[in-house]
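The values are calculated or read from the model by the stated rules, or taken from the named source; none is laboratory data. Note that this is a predicted model, so its numbers are computed, not measured. In this analysis, Cβ positions are derived from the backbone assuming ideal geometry, glycine residues included, and neighbour counts consider all displayed protein chains. What goes into the accessible areas is simple: the full protein's heavy atoms, side chains included, and nothing from ligands, DNA or RNA. Shrake-Rupley method; radii C 1.70, N 1.55, O 1.52, S 1.80 Å.
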Amino acid sequence: MGRLELQATLRGHVGTVWAVEWSPTGLLVSCGTDKTIRLWKLNPRESSYQLITAFSGNAFLRTTRDLSFSPDGRSLAVACFDATATVLELFGGKNPRFDPVVCLEGHDSEVKSVAYSSSGALLATCSRDRSVWIWEVGLDFEYNCIAVLHGHSADVKHVAWHPECELLVSSSYDDTMRVWVEDADDWFCSEVLSAHTGTVWGVAFEGAAMASVSSDESLIVWRRELVRNYPTFRVAARVDHLHDNGALCVHWKTLIASGGADDCICILRKRNEREQNTQSNEQITSNLTESWDVVAREQRAHTGDVNRVAWSPVHDNILASCGDDGLVRVWRYVDDDIQRG
Amino acid sequence: MDALDNPNPEVKVLSRERREPGKPLTLQQRVFEIIRDIRDPEHPHSLEELSVVDLNCINITNPPDDSPGHGKIWVSFTPTVPHCSLASIIGLSIQSKIRESGILNPKGEHYYKLKVTCVDGTHTSAGEINKQLGDKERVSAAFENPKILKVLRECTDHLP
């Protein structure tokens with residue numbers, strides 16, 4: 001078993017904080033209903049975080065919902081309920097600051113999620129208008145829409161790219177996930193995944209595997225396998241009743257972190273081969289191939305829904321979270337089993 | 001508005017005797033005070049007069065005594081007619097008044113989560129409406145939408 005140790009509480013946002021993301025170098029950025037983007041930096045000497053810049057201006061007319069850093073850390077895409085996605089450039093140096101460089105228009109209503117592909121060549125956006133858009137990122141912040149993808153029958157809540165290839169997964173209020181791939185410049189839906197029975201709020205990849213969470217309170221682990229020579233996502237594990245009133249967010253870096261409307265953060269670990277021998281009957285009958293155990297549960301991580309969790313790309317076992325209580329928090333996962341040796 | 005969904009609603013005659021004087025209100029009564037006078041989007045009557053809400057439609061689960069945690073306030077309303085196109089607006093107006101009141105976040109350790117639904121079987125698309133009202137992202141976007149805000153204001157502007 002393990003536990004989460006609170007490292008820092010970052011105050012400043014007014015109202016719900018909807019998203020928190022790490023830059024490739026370990027800066028922390030957050031956004032929410034106050035239409036302000038805040039950038040935080042760890043001060044290693046004091047092991048505390050300080051605000052290094054806040055950007056609001058008149059760029060955002062409504063709630064800022066989601067964030068994605070380009071892999072080079074220079075661009076930050078922001079999804080806004082005003083039906084736009086805005087790209088901010090982050091100027092480095094001693095006094096970092098954000099400057100808006102391009103506003104992507106085209107969606108009919110709230111943009112709910114943004115995601116850069118791992119190469120940085122593509123940006124995906126999705127909206128209340130049921131569509132997913134793919135933008136090609138050119139030199140000098142030139143963005144061209146190369147595909148408008150229809151298929152979902154309701155709001156598209158989240159988009160996530162496969163980390164190694166140009167494969168996109170979108171999740172929706174229609175309870176499904178869709179897999180989008182390209183063939184000869186044409187983007188199309190290669191699979192519809194319907195294992196959830198409620199809105200699918202979040203999707204996170206690790207390698208070729210992904211995890212999804214839903215208002216049906218469950219988390220599902222998916223593996224991609226060849227079925228009749230065609231790569232297909234299959235349910236490898238499912239954890240039911242993980243978050244009362246709905247699971248809202250998920251992130252995966254060896255360990256899976258999830259947050260929900262029960263104000264909790266859960267950390268899940270895959271049971272190893274040796275432990276795997278003691279398979280439950282349920283698992284044998286349902287063809288699930290792996291088991292995931294909740295190794296830590298922080299009961300009251302926030303005083304309100306936990307809207308996002310994100311593992312740090314540069315530090316081991318460091319997790320950021322944000323919630324309806326207006327706070328951003330940084331946690332360290334401590335594995336008590338390892339400590340005991 | 002062209003045609004009304006429910007042109008002749010039944011209107012309850014209310015005695016305005018609201019509570020026993022001097023006795024502090026329970027949380028359930030306080031929530032009822034916040035929502036009873038919300039105006040129906042279609043009629044010049046209150047939700048209480050139209051029997052959309054009453055005291056018993058408010059369900060309270062108290063937070064745990066001994067540990068920090070949240071309680072729940074659940075309001076289940078009854079649309080005036082099963083095809084009422086404004087049921088979502090009624091649900092949103094109940095949510096907005098309760099959120100504004102600060103009753104969900106009293107001082108101290110405890111806080112409340114709010115759920116607003118229409119009673120099963122009282123609306124032809126109750127499932128759909130309840131899914132919408134339970135979607136925190138849709139609800140918060142609705143509160144920023146000028147068209148929806150205008151309708152909500154018509155239901156609640158006369159309130160203190």
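Considering only B:ARG99, B:ARG36, B:ARG138, the Gaussian network model of chain B with Cα springs below 10 Å gives its largest mean-square fluctuation to B:ARG138. Between A:ASP185, A:ASP155, A:ASP262, the Gaussian network model of chain A with springs among Cα atoms under 10 angstrom shows the greatest mean-square fluctuation at A:ASP185. For chain A, set up a Gaussian network in which alpha carbons nearer than 10 Å are linked by springs, and say which option among A:LEU28, A:LEU327, A:LEU139 fluctuates the most. Looking only at A:LEU28, A:LEU327, A:LEU139, the largest GNM fluctuation is found for A:LEU139.
Taking every DSSP helix (H) stretch of at least 4 residues in the protein assembly as shown, weighting each as -39,500 (n - 2.57) and dividing the sum by the residue count yields a mean residue ellipticity at 222 nm of -3500 deg cm²/dmol. Here the relative contact order of chain A, from alpha carbon pairs under 8 Å that lie six or more residues apart, stands at 15 percent.
The Stokes-Einstein estimate for the stretch A:165-318, based on a Kirkwood radius over Cα pairs and taken at 4 °C with 1.567 mPa s viscosity, is a diffusion coefficient of 80 µm²/s. Which distance in nm do the two modelled labels at B:VAL11 and A:LEU6 give, with both placed 7 Å along the Cα-to-Cβ direction? Calculated label separation equals 5.3 nm. Computed from the C-beta positions of A:ASP108 and B:SER101, the FRET efficiency with R₀ = 35 Å rounds to 0.55. Taken over the Cα atoms of the stretch A:209-276, the convex hull encloses 98 Å³ per residue. Measuring max minus min along each principal axis, the C-alpha atoms of the stretch B:76-160 give extents of 41, 26, 23 Å (largest first). Annotation: average projected area of the stretch A:1-133 is 9.7 square nanometres, based on the convex hull of Cα atoms across all directions. Spin-label pair B:SER51-B:LYS147: with each label point 7 Å from Cα along the Cα-Cβ axis, the two points sit 3.3 nm from one another.
Distances longer than 21 Å among the Cα atoms of the stretch A:30-105: what percent of all pairs is that? Percent of Cα pairs beyond 21 Å in the stretch A:30-105: 25.
Scaled against the 2.2 N^0.38 Å expected of a compact globular protein of N residues, the Cα radius of gyration of the stretch A:1-58 reads 1.23. A Förster radius of 35 Å combined with the Cβ-Cβ distance from B:ASP37 to B:GLU109 puts the calculated FRET efficiency at roughly 0.65.
Inter-label distance, B:GLN29 to A:ASP186: 6.9 nm, where each label sits 7 Å from its Cα along the C-beta direction. Here the stretch B:27-156 is treated with +1 on each Lys and Arg Cβ and -1 on each Asp and Glu Cβ, and its dipole about the Cα centre works out to around 340 debye.
Chain A against chain B buries an accessible area of about 1800 Å², both chains summed, 1.4 Å probe radius. Other protein chain C-beta atoms within 10 Å of residue C-beta, averaged over A:106-119: 1. For A:ARG234 and A:GLU136, what does the FRET efficiency come to when R0 = 30 Å and r is the distance between their Cβ atoms, rounded to the nearest 0.05? So, using R0 = 30 Å, E works out to roughly 0.45.
By DSSP, the beta bridges lying fully in the protein assembly as shown are antiparallel in about 95 percent of cases. Residues A:CYS249, A:CYS103 ordered from highest to lowest accessible area at a 1.4 Å probe: A:CYS103, A:CYS249. Over the stretch A:2-340, what percent of the accessible surface lies on carbon and sulfur atoms, probe 1.4 Å? Answer for the stretch A:2-340 is 45 percent, counting heavy atoms of protein chains only.
So for chain B, averaging the separation of alpha carbon pairs under 8 Å that are six or more residues apart and normalising by length, what relative contact order in percent results? It rounds to 22 percent for chain B. About the centre of its Cα atoms, chain A shows a dipole size close to 940 debye [charges on the beta carbon of Lys, Arg (+1) and Asp, Glu (-1) only; nearest 20 debye]. Translational diffusion coefficient of chain B (Stokes-Einstein, Kirkwood radius from Cα pairs, 20 °C, 1.002 mPa s): 130 µm²/s. Structural size metrics of the stretch A:169-246, computed from C-alpha coordinates, are Rg and Dmax of 12.9, 44 Å. Would you grab the residues whose amide H sits under 5 Å from the one on A:ALA147? Only those 5+ places off in sequence or on another chain, please, with H modelled 1.01 Å from N. Here A:ILE134 satisfy the definition. Here the mean projected area of the convex hull built on the C-alpha positions of chain A is 17.8 nm².
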